[in-house]
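Values in this text are rule-based calculations from the coordinates and carry no lab data. Note that this is a predicted model, so its numbers are computed, not measured. Don't worry about glycine lacking a Cβ; one is built from the backbone with ideal geometry, like all the others, and counts go over all protein chains shown.
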Amino acid sequence: MNKGTSYHTISLEERFLDVFRLGALQVGRLAEALQPEITPYQKAGHESPEGAALTVVDLVSQDIFLYLINQFLPGIAVDAEEETELVHKFPVAQIGGTFIVIDPIDGTLNYSQGSKDYAVMGALIQENHYTAALVYFPALKEMYWAQRSRGAWGQKFCGHPYSLQIATSKKSILVPPHVTEAKKKLLQDSGIDFSISRCSGSDAIAPAIDRAKASITERRLDRRRGIGYLITSEAGGCVMIGDNIWTGQDPLTLPDDHGLNIIADSFEYGKKLLAILNT
């Protein structure tokens, strides 16, 4: 922000990114420092180990974000991942409204097992569309963010921000653990290499940061996975929800039964995967 410019004259998207960037760096440092001491817990009501995983770092990290949001973006609603006492002090996110989506530690199971593949994520949703999003990988010191219709950027530790553009050289794709064996066999029979990802922050932006050519999921798109989808989309990648191109809609406004979610480095490759997996 230029000297003499009022903080409140910059856009809400820029203000969100400023606040969330600061929070992500703080949370990331906390997560790194405490990772060797972490004891995982289990959340009730989740079928998968990934969904059920919980640590005290998830809870404390979320509250760090909430304190920052309360200070610098007062009155805004939140859709937060964890049930902390502080989250109930904020307005509830409403369809069609303005609110912040928070995932303090994405890939908690990975994190609790000592893996570097976890992320800190958040997004701003306005009028049923993502308008800004940020994903930070603390162990890698890599941060990626996007604004709707303005582009996507990346920054590595102590480096300068750079424009993020799809330039995928990888040939393999990422799939989450819940993808069925039948779908995996279709990929294998088509000669497509894949690996398992337990961090949606990683697989949702994989083509944009050259970690994979594409990724798929069979579950209904949720607001947290959509965080990374905005970054991939703004970097020039293809995001497909079933047969349709995703244009940043709040997942809760989409039909429940929309088939596969595919992100890819191009529309052509996305369509190819869709054809293979719908065989």
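Direction-averaged projected area, Cα convex hull, the chain: 14.6 nm², rounded to one decimal. Helical content of the chain, expressed as a calculated mean residue ellipticity at 222 nm, amounts to -9500 deg cm²/dmol (DSSP H runs of 4 or more residues, -39,500 (n - 2.57) each, divided by residue number, nearest 500).
For the chain, hydrophobic long helices are taken as DSSP H runs at least 30 Å long by C-alpha position along their axis with mean Kyte-Doolittle hydropathy of 0.0 or more; these are 12-34.
Each Lys or Arg adds one and each Asp or Glu subtracts one; over the other residues with Cβ under 13 Å from the Cβ of residue 235, this totals 0. As a length-normalised measure over Cα pairs under 8 Å and 6 or more apart, the relative contact order of the chain settles at 14 percent.
Projecting label points 7 angstrom from Cα along Cα→Cβ for residue 113 and residue 21 puts them 3.4 nm apart.
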